[in-house]
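Structure first, then comments.
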Amino acid sequence: MFRDCFLTAARRAVLASSAVLGLAACSSDVPPPNAQLGASSAAVASAERAGALQYAPVELQTAREKLGRAQAEAQGERYVDARRWAEQAQVDAELAEARAENKAAQEAVRAVQRDIDTLRSELNGRPAS
């Protein structure tokens, strides 16, 4: 009985290690995520142009850090991790861009509202406040 349990445990160990080795072999077939790295870099640049440095600096910095991590993983030929970090960087950069555009739009609305208030005051003969 002990022998049967031992053989069953040994078989499980062999199967598990075979599976791990098989997965390791498959991971070497993963191509470098060059397109994703490029898309992530473009997203960071777009966020910068949208004013994320001023309006969403935390999100922009997070995107930059994740992009750097993705590039390091790609250089180390850890392409699965590189792709994951690059995808996260792209999402963070897109968030930074959206927040920057939103804040810039809010400022523009406030400026237009001030102009409207000024015009109303002038039409009513009162000085603008």
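Quick notes on this structure:
Condition check ((1) of a type in the set (Gly, Ala, Ser); (2) assigned to a helix (DSSP H, G or I)) across all residues:
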residue: Ala63; (1), (2): yes, yes
residue: Gly68; (1), (2): yes, yes
residue: Glu77; (1), (2): no, no
residue: Ala93; (1), (2): yes, yes
residue: Ala98; (1), (2): yes, yes
residue: Ala104; (1), (2): yes, yes
residue: Arg110; (1), (2): no, yes
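- On inspection, Val80 does not qualify as without any contact (Cβ under 8 Å) to a residue 40 or more places away in the chain, surrounded by fewer than 17 Cβ atoms within 10 Å (Cβ to Cβ) and closer than 30 Å to Leu37 by Cβ.
- Filter result (of a type in the set (Ser, Thr, Tyr), under 14 Å from the mean Cα position of the chain (by Cα) and farther than 19 Å from Lys103 by Cα) within segment 36-79: Ser40, Ser41
Computed from the coordinates by the stated procedures, all read-outs in this text should not be read as laboratory data. As the structure is a computational prediction, the values presented were derived from the model and not from experiment. Counting neighbours? That spans all protein chains shown, and the Cβs are built from the backbone with ideal geometry, glycine included.
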